[in-house]
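A.B. asks: Before I ask anything, let me first share the structure, which is written out below as structure tokens.
A short reminder: the numbers here are calculations on the coordinates, not readings from a lab. Predicted, not measured: the structure shown is a model, and the values here were computed from it. For neighbour counting, all protein chains shown are included, and Cβ atoms are generated from backbone atoms with ideal geometry for every residue, glycine included.
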Amino acid sequence: MRQSKLFTKTRREAPADEVAKNAQLLVRAGYIHKEMAGVYSYLPFGKKVLEKIEQVVREEMDAIGGQEIRMATLHPSENWKQTGAWDNVDVLFKLQSRTEKEYAIGQSEEEIVTPIAREYVQSYKDLPVAIYQIGQKYRDELRAKSGIMRGREFTMKDMYSFHETQEDFDRFYTLAKESYLKIYERLGLVAKATEASGGAFTKKLSYEFMVLTDAGEDDILYCDSCSYCVNAEISTQKKDDECTRCNKGKLARAKASEVGNIFDLGTKYANDFSFTYKDKEGKDQQPIMGCFGIGISRLMGVIVETFGDDKGLVWPESVAPFSVHLVSLPAGRQGSGIDEVCKAADALYDDLVQAGIEVLYDDRDARAGEKFAESDLLGIPQRIVVGKDAVATGTFEVVSRATGDVAKKSRAEILGK
Ligand code: ATP
Ligand code: MG
């Protein structure tokens with residue numbers, strides 16, 4: 001894409017009403033636009049990043065047999081009354097229509113997915129099944145000061161699975177846990193699977209997936225020697241205690257952000273919605289249910305918090321809106337006309353597009369310093385500079401945004417030929 005055609009602009013100053021680094025940088029770089037506390041619109045580059053994260057998650061969910069659907073976000077209040085959540089879930093947004101009918105806006109989808117599964121799962125032969133979606137969630141959060149890491153509207157991947165036996169549930173639970181760790185790794189993050197309380201419906205443990213960051217709202221204790229990690233909320237251990245799991249390491253306390261969560265819901269929702277299937281003997285049985293969430297937009301915020309520096313955003317290749325930022329430094333358009341630099345940059349841009357490389361082309365008339373500062377702010381992994389030297393020598397400066405390393409490359413090397 002040519003930057004001269006882009007409708008968004010970057011800004012030098014962080015907005016005064018944003019305290020979180022992720023929101024400050026994303027607003028400055030023109031990736032997101034704030035509508036109100038906890039609610040953002042995603043602009044062209046922000047939408048690209050979000051979709052890349054979604055795609056990584058989608059591929060891994062499909063790989064463990066998840067089937068993607070798209071559920072309604074405007075829900076009948078009856079479903080929420082049936083599970084008790086209408087009165088018990090404080091973050092639930094409720095709406096009243098002009099006909100005085102009541103609705104809920106989806107903050108999670110157990111109330112919708114369970115009746116859907118009930119309709120199609122009739123026999124043990126229809127199990128197990130895992131259904132997921134990637135979509136918007138709405139929650140009446142009290143605090144919304146963490147930028148896109150805690151939204152009142154946000155994007156979540158939520159998967160729900162149904163099983164015949166506890167063993168089969170446990171098998172899938174382990175598979176999902178591994179799949180989650182793979183997702184975070186593909187996004188360039190190190191997440192810890194943290195033992196947490198099972199929440200309202202189960203005494204069993206759940207797993208929260210935590211990325212260490214000072215911008216997080218959770219406190220965790222983790223072992224410096226084994227993979228043991230626990231939410232400080234439920235830990236009976238104190239700081240500097242010996243790890244009771246491996247008896248070797250020490251536990252350290254850290255701030256972290258929850259980027260995913262997996263729960264054993266047992267038969268809570270099967271009960272509420274009278275969901276049974278016929279087993280091998282033709283007897284009615286209740287399926288065991290699990291839910292598996294990933295905070296897609298929160299992940300985008302965590303990536304910004306983790307890699308962003310004093311110059312701006314720094315995207316890992318897997319989620320970057322473009323792989324290459326092509327920056328031309330024309331010597332000036334005055335006088336005799338055609339600038340050789342512009343011609344060379346145009347040609348390289350066409351070649352990159354032809355080669356299927358995602359490229360943002362800064363084809364604007366601006367000073368080099370301005371262009372570089374803006375390029376740093378946008379955070380695209382590689383910057384390729386086309387100036388007078390490049391035209392003269394046929395080699396281009398390729399700068400890594402993450403490390404600042406500079407390499408000299410020929411056109412063929414850039415195009416991978
Ligand atoms: P938290 O404790 O942070 O409020 P939660 O336990 O309410 O999270 P879940 O209901 O399990 O979260 O939702 C699944 C995932 O969605 C979470 O692990 C988190 O990554 C993300 N998430 C939850 N609430 C928000 C929010 N308000 N804004 C952005 N992402 C969120
Ligand atoms: Mg919450």
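A.B. asks: Output the residues belonging to segment 138-147 that are more than 7 Å from ligand 1 (Cβ to nearest atom) and either within 23 Å of residue 87 (Cα to Cα) or not polar (S, T, N, Q) (or both).
C.D. replies: 138, 140, 142, 143, 144, 145, 147
A.B. asks: Filter segment 83-96 down to the residues that are assigned to a loop (DSSP other than H, G, I, E, B) and surrounded by fewer than 20 Cβ atoms within 10 Å (Cβ to Cβ) and list them by number.
C.D. replies: Of everything in segment 83-96, those that are assigned to a loop (DSSP other than H, G, I, E, B) and surrounded by fewer than 20 Cβ atoms within 10 Å (Cβ to Cβ) turn out to be 83, 84, 89, 90, 91.
Condition check ((1) touching a residue at least 40 places away in the same chain (Cβ under 8 Å); (2) farther than 18 Å from residue 30 by Cβ; (3) surrounded by 17 or more Cβ atoms within 10 Å (Cβ to Cβ)) across all residues:
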{"site": "360", "(1), (2), (3)": "yes, no, yes"}
{"site": "367", "(1), (2), (3)": "no, yes, no"}
{"site": "386", "(1), (2), (3)": "yes, yes, yes"}
{"site": "389", "(1), (2), (3)": "no, yes, no"}
{"site": "395", "(1), (2), (3)": "no, yes, no"}
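A.B. asks: Further, regarding this structure: Across segment 271-306, what is the number of residues that are in contact with a helix residue (DSSP H, G or I) (Cβ under 7 Å, 6 or more places away or on another chain) and either within 16 Å of ligand 2 (Cβ to nearest atom) or of a type in the set (Gly, Ala, Ser) (or both)?
C.D. replies: 10
A.B. asks: Hey, does segment 146-154 have a residue that's in a strand (DSSP E or B), within 16 Å of ligand 2 (Cβ to nearest atom) and touching a residue at least 24 places away in the same chain (Cβ under 8 Å)? Reasoning before the result, please.
C.D. replies: In the first step, residues of segment 146-154 are kept if they are in a strand (DSSP E or B); the result is 153-154.
Okay, now just the ones that are also within 16 Å of ligand 2 (Cβ to nearest atom), so 153-154.
If we keep only those that are touching a residue at least 24 places away in the same chain (Cβ under 8 Å) as well, we get 153-154.
Yes, the conditions are met somewhere in segment 146-154.
A.B. asks: So residue 346 passes all but one of these: (1) surrounded by fewer than 21 Cβ atoms within 10 Å (Cβ to Cβ); (2) touching a residue at least 12 places away in the same chain (Cβ under 8 Å); (3) under 28 Å from residue 24 (Cβ atoms). Which condition number does it fail?
C.D. replies: (3)
A.B. asks: Right, here's the next one. Quick check on this structure: which one of 64, 69, 53 is within 16 Å of ligand 1 (Cβ to nearest atom) and either of a type outside the set (Gly, Ala, Ser) or in contact with a strand residue (DSSP E or B) (Cβ under 9 Å, 6 or more places away or on another chain) (or both)?
C.D. replies: Among 64, 69, 53, only 53 is within 16 Å of ligand 1 (Cβ to nearest atom) and either of a type outside the set (Gly, Ala, Ser) or in contact with a strand residue (DSSP E or B) (Cβ under 9 Å, 6 or more places away or on another chain) (or both).
A.B. asks: Do you know which residues across segment 139-153 are under 23 Å from residue 292 (Cβ atoms) and under 16 Å from the mean Cα position of the chain (by Cα)?
C.D. replies: 146, 148, 149, 150, 151, 152, 153
A.B. asks: With the checklist (1) within 16 Å of ligand 2 (Cβ to nearest atom); (2) assigned to a loop (DSSP other than H, G, I, E, B) in hand, flag the one item residue 189 doesn't pass.
C.D. replies: Result: residue 189 passes all but (1).
Matching residues to (1) β-branched (Val, Ile, Thr); (2) more than 14 Å from residue 149 (Cα to Cα); (3) crowded, with 19+ Cβ neighbours inside 10 Å; (4) out of contact with any Ser or Thr (no Cβ under 8 Å at 6 or more places or on another chain):
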| position | (1), (2), (3), (4) |
| --- | --- |
| 1 | no, yes, no, yes |
| 14 | no, yes, no, yes |
| 29 | no, yes, yes, no |
| 39 | yes, no, no, yes |
| 45 | no, yes, yes, no |
| 55 | no, yes, no, yes |
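A.B. asks: Run down 60, 119, 109 and say which single residue is in contact with a helix residue (DSSP H, G or I) (Cβ under 8 Å, 6 or more places away or on another chain) and either within 16 Å of ligand 2 (Cβ to nearest atom) or among the acidic types (Asp, Glu) (or both).
C.D. replies: 60
A.B. asks: A follow-up question, please. Output the number of residues of segment 231-270 satisfying the condition of being in a strand (DSSP E or B) and either within 15 Å of ligand 1 (Cβ to nearest atom) or farther than 30 Å from residue 169 by Cβ (or both). Show your work before the answer.
C.D. replies: Quick first cut of segment 231-270, residues in a strand (DSSP E or B) only: 231, 242, 250-266.
Remaining after also requiring either within 15 Å of ligand 1 (Cβ to nearest atom) or farther than 30 Å from residue 169 by Cβ (or both): 231, 242, 250, 252-265.
Residues meeting the conditions: 17.
A.B. asks: Here is a further query. Residue 34 passes all but one of (1) in contact with a strand residue (DSSP E or B) (Cβ under 6 Å, 6 or more places away or on another chain); (2) outside any strand (DSSP E or B); which number fails?
C.D. replies: (2)
A.B. asks: Of all residues being touching a residue at least 60 places away in the same chain (Cβ under 8 Å) and surrounded by fewer than 20 Cβ atoms within 10 Å (Cβ to Cβ) in segment 111-120, which is farthest from the chain's Cα centre (by Cα)? Just the residue, please.
C.D. replies: Residue satisfying both the conditions and the ranking: 118.
A.B. asks: Can you find, within segment 127-145, the residue that is farthest from ligand 2 (Cβ to nearest atom) among those that are closer than 18 Å to residue 170 by Cα and not in a strand (DSSP E or B)?
C.D. replies: Looking at residues that are closer than 18 Å to residue 170 by Cα and not in a strand (DSSP E or B), I get 127.
A.B. asks: Among the helices (runs of 4 or more DSSP H) lying completely within segment 344-417, list those that include at least 3 residues that are farther than 30 Å from residue 14 by Cα.
C.D. replies: Per the criteria, 388-393, 411-414.
A.B. asks: Looking at the structure I just gave you, is residue 303 assigned to a loop (DSSP other than H, G, I, E, B) and of a type in the set (Val, Ile, Thr)?
C.D. replies: no
A.B. asks: A further question follows. Could you check segment 397-417 and list, in sequence order, the residues that are in contact (Cβ under 8 Å) with a residue 60 or more places away in the chain and either closer than 21 Å to residue 311 by Cα or aliphatic (A, V, I, L, M) (or both)?
C.D. replies: Once the filter is applied, which keeps residues that are in contact (Cβ under 8 Å) with a residue 60 or more places away in the chain and either closer than 21 Å to residue 311 by Cα or aliphatic (A, V, I, L, M) (or both), segment 397-417 yields 401, 402, 414, 415.
A.B. asks: Further question: Count, please, the residues in segment 97-126 that happen to be in a loop (DSSP other than H, G, I, E, B), of a type outside the set (Asp, Glu) and away from ligand 1 (no atom under 16 Å from the Cβ).
C.D. replies: The number of residues fulfilling the criteria is 6.
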